[in-house]
Structure formats: structure tokens, C-alpha cells
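A quick write-up on the structure given underneath.
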Amino acid sequence: MIDQVEVNQQLMFDGESDEKQFLTFMMHDEEYGMDILAVQEIRGWEPVTTIPNSPNFVRGAMNLRGTIVPIIDLRMRFGISAIDYGPLTVVIVVSVQIKEQQKIMGLVVDAVSDVYSIAEEKAKDVPDFQDSDNAYFVHGLVNVGQKMVVLLNLEKVLDLSDKSGLKG
Amino acid sequence: MSIDLSQFFDVFFEESFEGLDAMEAELLNLEPGKEDSETINTIFRAAHSIKGGSGTFGFVSVSDFTHVLETLLDQIRDGQRVLTAEHVNLLLKSVDCVRGLLGALQAEEEPDLSESNELKARFEAILGGESSEPTGTEENEVVSEAQQSTTYQIDFKPEPHLFKTGNEPLYMFSELAELGQLEVSAFHDGIPDFLEFDPEDCFLHWRFFLTTTKPEPCISEIFEWVEDDADIKIEACGGLFEDDTLDAQDTSAEPISNQPEQPVVETPANTSAQAEENLAAVQKKVESVKTSKAESRKANDSTATSIRVGIDKVDSLINMVGELVITQAMLSQIGDQEITESSIAALQEGLTQLAHNTRDLQENVMRIRMLPISFVFSRFPRLVRDTSQKLNKQVELKLVGEQTELDKTVMEKLSDPMVHLVRNSLDHGLETPEERIANGKDPVGTVTLNAFHQGGNIVIEIMDDGKGLDTEKIRSKAIANGLINEADDLSVEEVNELIFMPGFSTADSVSDISGRGVGMDVVRRNIQALNGSVEVTSKQGVGSTFTIRLPLTLAILDGQLVQVATHTYIIPLISIVESLQIDISKVSKVGKGLEVLRLRDEYIPILRLYDIFSHQGAREELDKTLLVVVESDNYKIGLLVDDLLAQQQVVIKSLEANYQKVDGISGATILGDGTVSLIIDISGLIKLSGLRRPGSTELLVDLKGEEAEPA
């Protein structure tokens, strides 16, 4: 009985410490990843209602089965030039804890890519981007095969009140 | 058969709290020397039913305490005693005390008896002092009787099957008590282990000390019916209670009186009391369970509150549901028929009726949540009375618009900020009578609470005719605290606004300015959390007014859909005065590009919605657009929109929940086609557009002057 519990605990522990699953998506030919546990669903792009006087990266608000969800264009959030939305454009709906409040938001990205299991300790620290405001949003960098994936810190990406990140 | 009384506890507590509220309200109406018997009767009845109820449920601490209270009231009612201010104060305190006791019992906690014992002693002192004077001959007789009587010790040990023979010991005890002064002790050592406990058996036995003038046969007569089922011993013993006249008086009104200090003394009401006894025996085992239960119950109490609804509201709901059922039957009948021209017409008619019914039903359901604001107001007479006594100020409290209805959830959260504001008005706003006389004012200060509806809001004003805010002191304090700079040129209103700043809430910075500021930021925050606002207007030496504005309800609103460029917005229908096409010749420009429309002797500033919301592609020519005139905060503005669309009811959804506050937008909703539409917040829009409140900019002083006619 006790042995079984111990084994279970070890298994759980191993599973947790070793690898986390990340959903990756493409944006401007770069691959970004976010913790898959934050992802609620992935939807196609559909027109949203503009929120007046909002920052340019806030596309508007969408009705998600009765809940009003703000939609953020991640390209614009990162200051990457905007492109027209196409059939591959998706909205990743995430649920993130921001300042003790659970918020649901949608992120517009070019396309979803893959799901990787990545060991947390493999993620490398962000090199010192002196000039880039975007370093603020990055949790770490990790190599998957030949590619490099940028792991995002969603809390910071989605904390709209925090002005220390990007300026417009 | 035993009945589980605990199922009635909730009703008892609710009724008792109501009774206490009624007592409190009536006590405040009492003026010593001018009391009318109806008021005293009301108080007496409330106290009496609390005593009765608590006795029934075995809440001995409450019933004991209310007993002395009731005795005093009874004497006042019968004219044996003259009501004094001291009595009123004592009675008010005891209302609080009983409330505390009941609260503790409700939370399944052990009530703290220290206060009730102290108050009880004071009551007894009043009552006792009275009895030593020869005021009532009846009482003297009781006393003399007690002194001539003999005391009997009666041991009563029934067989376990006592209850099954249909005997109720409690009745016998009351009969005994009628003979004279009775003291009862119950022995519960015979109670078996919980597992072997049979709730229908009697495990208790009792010992009585009866002081009576009646002969012994009278006592044995009472036990006649149970002689064969019990061990009964009756012995005369020495006069144990000869000098205890106070208790004698007590028990003459209430036969079985228990002293909370002596936990052995019990009045078992029925077998459930036994169960309690037994529980006490195994209490140690279950104690932890009990506490956690009490905690969970406490947590439940805060969320699951009940609401009392007038029967007329319920009746009209039932009527409406009846109509709904009829409409539904009609529609399904049409649905069964073959589709013809006439059946389609009937169907459409039926649908219209259904829409009508649904709407009525919805309105009525919303009305259930609405309660008159007197629920909040009613606590203030007491608060004002106590506070003004403490401060040695003379205060008259005026309540206006008590019947104004407000959503229950809003009301509950409103109470604390209001208490704070009223207390502030009393403490810092009103002067002492001497100061008032010196300033040529009536020595009695006035605090007015005024509630009324305005548009979709409820407005509550807290006014005092005190000394007002000392603008200069607030200013210097704000400079000292670093909230503003010496060079800042602030209007009086802007300075007064500073009292809501967090930096003003520290205690020592407040005592030396004219007051106002302890936790004002908290007040504002609480009210803002309800989507409301709080403002202050004040004139030195004349008084101050705090105005709280709150939305009536938080769920549904009638909206006018309007189009601005490609966007659809919703304007709350209730704030719309009229919609019109602009007559260009009546538009003139004022000041910094502000356009005003002259509309029947009023000047309406025109706000271009597309401009404020930075939308491209809207119609900009005034003559091709429509102007929606809306009213907010008592003044009117015109909103320029491209077109008016439908009117419909919308369910308000929060935009803030997942996003953040948007200026000029109060919320969002989902339209019939599933898209999101934003609801315009008129007063927010006015702030956003740069049109400031009256008094703070030159422009609006002018406009205000033009609009000075009665609104």
C-alpha cells in the first residue's frame, strides 16, 4: 500500500520535474511556445468588436459562449509588422492569472505549429537583448531538433496594465 | 415521538432578529415621560416572542435574559413604573446583547454570557430596588407567603419508560411551580453510552426544592399519575430560600427559572433535550467535528442569505407564469395546425404575446431583488442617537425617500460606506451646540439622508448643516503630504476631491483638519466597486453634501442600438431624452471648437461619438447625422451618431472581467447575432470628452448659467 503511494508520488514527481508540454505557434517565421495548460481552445479568426481607444494590439472583444473575451494581436504586441489575416490565422484562447485575477484572453497568431514536451531545465536563459523590449516577454529559449523555440511568459504578455514592456 | 426542533431554528433566528429590529426602532421612538402604551406594547410583544421561542428551543441564556427585560417592560406597561432615559438606554443595550447571544447561537458557538449577566444584574437591581418599596401589594403578598412557607425536597426518579406512558414531566414541573417557588436540578448520570442510547427512554432524574405554603398532599397529588412508574420521595426540609425575595419575584412570573451560572440546572423540554445531554457526555469525541461544522455553517451564512418578498409580488409572478403557460399552449396548438395564411398571422400574434409575457415576467423577477432603502436607513436613527450622545451634540436625523427601491446586493454593500459617511458628518461636520449658537445657527444640527431615483441610477445624499470642509486646511495638508504642489491652482471642488485620496486617510492628518478623511478612500473604493461614484460639495459654514450614485441593478438594461461608422453601440434607453435631426442654423461654436445646439431655450453641447472613440469613416456632416440627447448627472448633452437601430433589452456583461476598464464604456453585451456590442457610459463619456463638471472649467460655468432653468 505504502510502496504503491511512494511509487505514485515518484512517478508524479518525475513527470512534473522532467518535462512540460508546450504548444508552439508560428509568427513571422519564428516559432514561439506557451505552456499548454494555459490554453483553453484554438479557434479560427472571426471579426471582433472594436474597443474604442484601446492600444493598437488589442483587436477588440469577442463573444466566447457568453463571455466577453478581449482579442490581442501578438504580432502587434511584439511590434512585428501586421499582416492580413488568412485561413491559417488562429486565435489561441488562454486563461492566465494576472494580479490575482483569472483572465481569459485570445491571442491572434499566424498559425499553430506543434506540441513539444520540453524539460524545464533545458530552457536557456534569454541572452541579453540590450535593445529589445520583447526580452521582457520571454521566459526562455529552447532547442528542439534544429529549431529554436521562444518560450513566452504569458503573464507578462497579457498584463496590459504593465507599461514596462513595449511602448506601442 | 420527538420532533427535531433544529429544523425551525432558522425561522426562529430570522424572526427574532426581526423582533429585535422592531424593538430597537420602537425604543428610539420612546421619549421618557411621553411614552404611549402602543409603543411599549410592541416592544413587549417582541421581547415576549423572543423569550417564548428561545425557551421552546432550549436557548436558556436568551430566554433567561429576555425574561428580566420583559418583567421590566411589563411593569412599565402596567404603569407600575415610570419609564426613564436610563431604562431606554439599558433596553437598547440589551437589544444588542440579545442580538449577540442569538448570533452566537446561530453560528453554533457558545454565547458569551458576561455581558448578559452584567445587564441582567442591572435589570435585577432596578427591579429589586422597586420591590423593596411598597409599591404593589401583590408583590408584598408573594414575599410574605414565601417567608411563611416550608421547603420540600422532592426526589423524582422515573422509570425509563416514562414517556411511553404518555406522561410529560415538564407539565408536572409547571404544576409544581404554581404551588410556590421551585428550583429544579436534573441529574443526567444515568445516561448510557451514545450507541446504547434510546431517544424514547427517560434517563434523567430530578431533585426539586419547592418552597410553598401548600400542604404536602398537594404535592403528591401532582405525582399521582406516575406513582407506579417512578421513585418519588417528598421530604420537608429547612427554609432554604427565606431571604431570597428577588428570586421569589422572578419565579412568580416564570415558573422554571434557570441560572446560567449553574450548568446542572436544566429544564428538559422533551427527549431532544436528553439527546443534548447525552451529546454533552460524548462531546469530547465529536468536538472537532462540531467546530468544523460550525465553521462551514458560518461560511454558508455569508453567501446564502434569504430574502423576504411581499406576497403581492409573488402573486403577480404566479399570475404571469399562468399567462405564460396559456400562451405556450396557444402556440403549440397553432404549431399542430397546417400552415396557412391565417395560422401564420396567429403565430405572429402569439409570439408578440409571448414576448410581452416574458418581459413582464422578467421585470417582476427583477423586482423581487429590489428592496426599499429603508433597510439601510433604519439603522441610522440608532447610530445617530448613540454617536451624538457620545459627542455631546444635538442632532436631528431626517430620512427622505425611504421607499426608494434598490437591488439587494447593492444595498448590502452600501451600508458600510454610508455608516462611515454619516459618522463623519456627525463627528467632523456638525459643530457643538455652543459653536452653533455662536455662529447664529440652531443648536440642533441636522443630518439628512435623501434617496431618489435619477435615470438608471439611485442617488443617495448625506447632508449636514455643519461647518463644511475647510478648503484651506485641506490644501495645506495636501501640500504637506506631497499630494499636490504649492503651485497647483486648484478650484474649491478639486481641493475637496482630495479628501478621497488615499494619502488623506491617516488618522493624525485628519484630526487637525476639519475632519473628513478617515478612510474616505475606502468609501470611494467600495462605491466604485459597485460601479458607482461618490462626490462631495461643501460650503464653509453652511454644510456639506456627500452624493452617492449607484446603478439600480446590475443585470439587464433597455438599450438603444446606435450606429457609429461600422460600429454598433448601445445607449441606455433610460438616459435618452430625445433623438432628433440637427437644424444646422441653431448650432453655434463656443470656445475651443465645442459646438452647441440651441434646443428650446437650452444649449446642448454636441459630442461627436466617432471623435471620442477615434473611429474612422463616420458621417461628419451635422445635417446628415442624428443627435441623441442624453441626460446624466443633471445635465444634457447630445451624442452624434450615424443612425438609430433597434431598441432591445440587453444583458450586461463585464468587459473588465477579462480586460480592463474602458473610459466611456460601462460594459458589453451580446446581440442577437452573437456579436459583442459595447454599452456607453454617459457620465464617463462626459469626462472623457473633456467637458468637466460644473464649476471646474469656465466653459461649463457659462453653460450652467444658460441651463439654470428648472430641470
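Points worth noting:
- Here the stretch B:457-479 and the stretch B:42-116 have alpha carbon centers that stand 41 Å from each other.
- Extension gain, B:Glu168 back to B:Asp663 (0.36 nm per residue minus Cα-Cα distance, nm): 171.0 nm
- The Cα-based radius of gyration and maximum Cα-Cα distance (Dmax) for the stretch B:14-80 are 11.9, 37 Å.
- Neighbourhood net charge (11 Å Cβ-Cβ; Lys/Arg +1, Asp/Glu -1) for B:Val534: -1
- When you filter the GluC sites (Glu not before Pro) in the stretch B:579-635 for DSSP loop state and at most 10 other Cβ atoms inside 10 Å of their Cβ, you are left with B:Glu621.
- Stretched out straight at 0.36 nm per residue, the stretch from B:Lys313 to B:Glu602 would grow longer than its current Cα-Cα span by 99.9 nm.
- Pair B:Arg99, B:Leu399: separation of 7 Å Cα→Cβ label points (nm): 1.3
- Note, ³J(HN,Hα) from phi for the stretch A:32-44, Karplus 6.51, -1.76, 1.60, rounded to Hz, x at Gly and Pro: 10, x, 9, 4, 5, 5, 7, 7, 9, 6, 10, 10, x
- Per-residue HN-Hα couplings for the stretch B:20-28 [Karplus 6.51, -1.76, 1.60; θ = phi - 60°; Hz; x = Gly/Pro]: 5, 4, 4, 4, 4, 4, 5, 4, 5
- Distant-in-sequence amide contacts of B:Ile652, defined by a placed amide H-H separation under 5 Å and a gap of 5 or more residues or a different chain, comprise B:Ile556, B:Leu557.
- Three-way shape label, the stretch B:311-368, alpha-carbon gyration tensor, a/c 1.5: prolate
- Residues of the stretch A:56-84 whose accessible area, computed with a 1.4 Å probe over protein heavy atoms, drops by at least 40 Å² once all protein chains are present relative to their chain alone are A:Asn63, A:Gly66, A:Ile68.
- Convex hull per residue volume in Å³, alpha carbons only, for the stretch B:556-706: 117
- Sum of side-chain charges, B:Val376 neighbourhood, beta-carbon under 11 Å (Lys, Arg +1; Asp, Glu -1): 0
- For the chain pair A and B, the buried solvent-accessible surface (1.4 Å probe, both sides summed) amounts to about 1700 Å².
- Antiparallel DSSP beta bridges within the stretch B:556-706, percent to nearest 5: 90
- For the stretch B:65-113, the Kirkwood estimate of hydrodynamic radius, built from reciprocal distances between every pair of different alpha carbons, is 11.9 Å.
- Placed amide H near B:Ser579: partners under 5 Å, 5+ positions off or other chain: B:Val629
- Integer Hz, Karplus 6.51/-1.76/1.60 couplings in order for the stretch A:54-60, x for Gly and Pro: 8, x, 5, 7, 8, 6, x
- Net charge contributed by nearby residues that have their C-beta within less than 13 Å of B:Phe12 (K/R +1, D/E -1): -3
- Percent accessible area from carbon and sulfur atoms, the stretch B:381-551, protein chains only, probe 1.4 Å: 49
- Between the stretch A:95-109 and the stretch B:393-449, the C-alpha centres lie 44 angstrom from each other.
- Ranked by how many other beta carbons lie within 10 Å on average, peptides B:399-405, B:152-158 from highest: B:152-158, B:399-405
The values are calculated or read from the model by the stated rules, or taken from the named source; none is laboratory data. Computed from a prediction, not measured in an experiment: that's the story for all the values here. Glycine also receives a Cβ, built like all others from the backbone with ideal geometry; neighbour counts cover every protein chain displayed. Side chains are part of the model used for accessible areas, which takes the heavy atoms of the whole protein and leaves out ligands, DNA and RNA. Shrake-Rupley method; radii C 1.70, N 1.55, O 1.52, S 1.80 Å.
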